[in-house]
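A quick write-up on the structure given underneath.
The values are calculated or read from the model by the stated rules, or taken from the named source; none is laboratory data. Predicted, not measured: the structure shown is a model, and the values here were computed from it. Note that we place each Cβ from the backbone using ideal geometry, even for glycine, and neighbour counts take in every protein chain shown. In case anyone asks, the SASA skips ligands and DNA or RNA and just uses the protein heavy atoms, side chains included. Shrake-Rupley method; radii C 1.70, N 1.55, O 1.52, S 1.80 Å.
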Amino acid sequence: MKFFVDTAEVEEIRDLLDTGLLDGVTTNPSLIAKSGRDFKEVIAEICALTDNPVSAEVAALDTNGMIAEGEHLASIASNVVVKLPLTMDGLRACAHFKRVGIHTNVTLCFSVNQALLAAKSGATYVSPFIGRLDDINLDGGALIRDIRTIYDNFGLETEIIAASIRSANHVSEAALAGSDIATIPPGVIRTLSHHPLTNSGVAQFLKDWKDTGQSIF
Ligand code: E4P
């Protein structure tokens, strides 16, 4: 499963890039607002750091507005992926971008039928929000599993991005459900390496090593 980082904080991305774990970046209007920075400037800075896909979301609600904004965003760098809402207008814009060869991420997906529509409209990626479903006592992991089944049934090539990830458990749940990608907040990425037995094991090995009185060099 590929890892995207879900953030508009350029320093967080810079810090995580040298782990070799990152396969892409997603942003959204809320993350841009939280950064307090200029949207296009942030996207340009992120794209200067990585050649991997960087999702930038349109703000317009109508197809023509989405197309105009998306083309503008796509002109920032060749790895910009235009993020579109899963509405009929968004799907029309998605079909347009498919025709002209611009990659898309159809976002705010909460049902299998929506995911089917995104794939039929030619979306490069679809983003089912598992955390927001779990928040209202629905099963985000089951949605990923069902989308995986349907995409495999029909050979649909749209890649599934498990989004709205809130915890390490969500990451493993997305992987088990067959998601192609999980887009993960930086703080959650950092927790994935944590295990108390790793910490106690390192401490014990270090103690025993010191007792040998040896040095590797
Ligand atoms: C996906 O691309 C979104 O940016 C994101 O995962 C939304 O997560 P949230 O539900 O925590 O806001």
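Regarding the range 75-87, can at least one residue be identified that is assigned to a helix (DSSP H, G or I) and touching a residue at least 24 places away in the same chain (Cβ under 8 Å)? Looking through the range 75-87, none of the residues is assigned to a helix (DSSP H, G or I) and touching a residue at least 24 places away in the same chain (Cβ under 8 Å).
Of all residues in the range 8-26, those that are under 20 Å from His170 (Cα atoms), among the polar types (S, T, N, Q) and over 9 Å from the mean Cα position of the chain (by Cα) total 0. When residues of the range 17-60 are filtered for being part of a helix (DSSP H, G or I), within 19 Å of Ala163 (Cα to Cα) and away from the ligand (no atom under 16 Å from the Cβ), how many remain? Residues in the range 17-60 being part of a helix (DSSP H, G or I), within 19 Å of Ala163 (Cα to Cα) and away from the ligand (no atom under 16 Å from the Cβ): 0 in total.
Filtering the range 55-72 to residues that are small (Gly, Ala, Ser) and either within 22 Å of the chain's Cα centre (by Cα) or within 16 Å of Leu108 (Cα to Cα) (or both) leaves Ser55, Ala56, Ala59, Ala60, Gly70. Only one entry in Leu108, Leu117, Leu143 is more than 19 Å from Asn79 (Cβ to Cβ), modelled with pLDDT of 95 or more, open to solvent by 10 Å² or more (accessible area, probe 1.4 Å) and in a strand (DSSP E or B), namely Leu108. Pull up the range 184-214, narrow it to residues that are outside any helix (DSSP H, G or I) and among the polar types (S, T, N, Q), then point me to the one that is nearest to Ala163 (Cα to Cα). Among those residues, the one meeting the criterion is Ser193.
Restricting to the range 159-173, name every residue that is crowded, with 18+ Cβ neighbours inside 10 Å and either assigned to a loop (DSSP other than H, G, I, E, B) or within 11 Å of the ligand (Cβ to nearest atom) (or both). Ile161, Ala162, Ala163, Ser164, Ile165, His170, listed by residue number. Here Ile136 passes the criteria (1) surrounded by fewer than 22 Cβ atoms within 10 Å (Cβ to Cβ); (2) β-branched (Val, Ile, Thr); (3) away from the ligand (no atom under 14 Å from the Cβ) except the one numbered (3). Based on this model, can you work out whether Ile102 counts as within 16 Å of the ligand (Cβ to nearest atom) and either touching a residue at least 24 places away in the same chain (Cβ under 8 Å) or surrounded by 19 or more Cβ atoms within 10 Å (Cβ to Cβ) (or both)? It is false that Ile102 is within 16 Å of the ligand (Cβ to nearest atom) and either touching a residue at least 24 places away in the same chain (Cβ under 8 Å) or surrounded by 19 or more Cβ atoms within 10 Å (Cβ to Cβ) (or both). Please specify each residue of the range 174-202 satisfying the condition of being among the hydroxyl-bearing types (Ser, Thr, Tyr), within 16 Å of the ligand (Cβ to nearest atom) and open to solvent by 20 Å² or more (accessible area, probe 1.4 Å). Matches in the range 174-202: Thr191 only.
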